[in-house]
Amino acid sequence: MSDIKISPTPKVVTKTERPRLHKVILVNDDFTPRDFVVKVLKSEFRVSESQAHQVMYTAHTRGTCVVAVYTKDVAETRATRATEAGRNNGYPLLFTTEPEQ
């Protein structure tokens with residue numbers, strides 16, 4: 001036999017990383033009626049009436065408010081659909097997304 005030594009193949013360990021989360025942010029404007037904002041928050045983000053009023057009021061007083069935190073695709077989809085709901089009704093309602101730190 002030969003004197004060649006065969007070493008075992010090293011194992012490759014892969015770590016599954018959790019997807020980065022993104023915040024959906026409601027941006028205040030002075031034209032979209034509060035009731036409409038509450039309606040969009042309830043339908044798109046499935047929050048209760050009182051939570052929707054609280055988010056709307058926080059955005060109104062502070063300029064912006066984090067509505068929810070999702071994976072990137074879900075956050076962008078919900079923000080886009082909520083913004084389009086405002087546009088379709090003639091309002092400048094705006095939802096944005098940004099990575100959570």
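The values are calculated or read from the model by the stated rules, or taken from the named source; none is laboratory data. It should be emphasised that the depicted structure is a prediction, and the values quoted were computed from it without experimental measurement. All Cβ positions, glycine included, derive from the backbone under ideal geometry; neighbour counts span all protein chains shown.
Remarks
- Meets criteria (farther than 14 Å from Thr96 by Cα, surrounded by fewer than 11 Cβ atoms within 10 Å (Cβ to Cβ) and either within 20 Å of the chain's Cα centre (by Cα) or modelled with pLDDT of 95 or more (or both)) for Ser43: no
- Cβ pairs under 7 Å, 6+ apart, first in the stretch 61-73 and touching a residue at least 40 places away in the same chain (Cβ under 8 Å) and on the phi < 0 side of the Ramachandran plot, second of a type in the set (Asp, Glu) and outside any strand (DSSP E or B): Val69/Glu100
- Residue within the stretch 61-72 that is in a helix (DSSP H, G or I), in contact with a helix residue (DSSP H, G or I) (Cβ under 8 Å, 6 or more places away or on another chain) and surrounded by fewer than 20 Cβ atoms within 10 Å (Cβ to Cβ) present: no
- Contact map, the stretch 16-30: residues that are under 19 Å from Phe45 (Cα atoms) paired with residues that are loosely packed, with under 15 Cβ neighbours inside 10 Å and of a type in the set (Lys, Arg), Cβ distance under 6 Å, separation 6+ or inter-chain. Pairs shown: His22/Lys72.
- Looking at Thr9, Thr14, Thr32, just one residue is part of a loop (DSSP other than H, G, I, E, B) and crowded, with 17+ Cβ neighbours inside 10 Å, and that residue is Thr32.
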